[in-house]
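Beneath this line is the structure, given in structure tokens, with notes to follow.
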Amino acid sequence: MAAAQMPSNEVDVHEAKKLVEQDEVRVIDVRTQFPFPAMPGAEYVPLEDILARPTEAIPTDKPILFICNVGQTSGVATQMATALGLNQAYNMQGGMEAWEAAGYDTEEPPAGH
């Protein structure tokens, strides 16, 4: 029964990379702590903002790829976006830990993040 509550819009890091390379998604990093590096070009919208003001915090102009450290926090953001009717919201499984392990480009998060 718990599986039915999981987001159906899960993508692995390789699928996520394709979406990013093809400029098909806006990348939203929902983290407030950064034990792993950032994805180049990501926007920063903390999960707290998404939960408090979802219709203001979640952009709707393009499909969204939510990312975090290991894929759990971004999964919550994906569920919120889906609940708002955004069917093109994706959660990157494994988060930036898996992205970094795959050898994909990373950068330090901007100052203040």
Checklist outcome for this item: Expected unfolding gain across Q88-H14 under the 0.36 nm per residue rule, minus the alpha-carbon gap, is 24.9 nm
Checklist entry - What residue among A38, A16, A83 shows peak mean-square fluctuation when the chain is described by a Gaussian network model with Cα springs under 10 Å? => result A83
Checklist entry - Round to a whole number: what % of the accessible area of segment 7-113 belongs to carbon and sulfur, probe 1.4 Å? => result 46
Checklist entry - Check V27: other-chain or 5+ apart residues with amide H under 5 Å from its amide H, H built from backbone geometry? => result E43, L65
Next on the checklist: Looking at the calculated P(r) for segment 19-113, what percent of the C-alpha pair distances fall above 17 Å?
Outcome noted: 43
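Two decimals is fine: what's Rg over Rh for segment 47-96, C-alpha atoms, Kirkwood radius as Rh?
0.93
The values are calculated or read from the model by the stated rules, or taken from the named source; none is laboratory data. Small disclaimer: the values here were computed from a predicted structure and weren't measured. Accessible surface areas use protein heavy atoms only, side chains included; no ligands, DNA or RNA. Shrake-Rupley method; radii C 1.70, N 1.55, O 1.52, S 1.80 Å.
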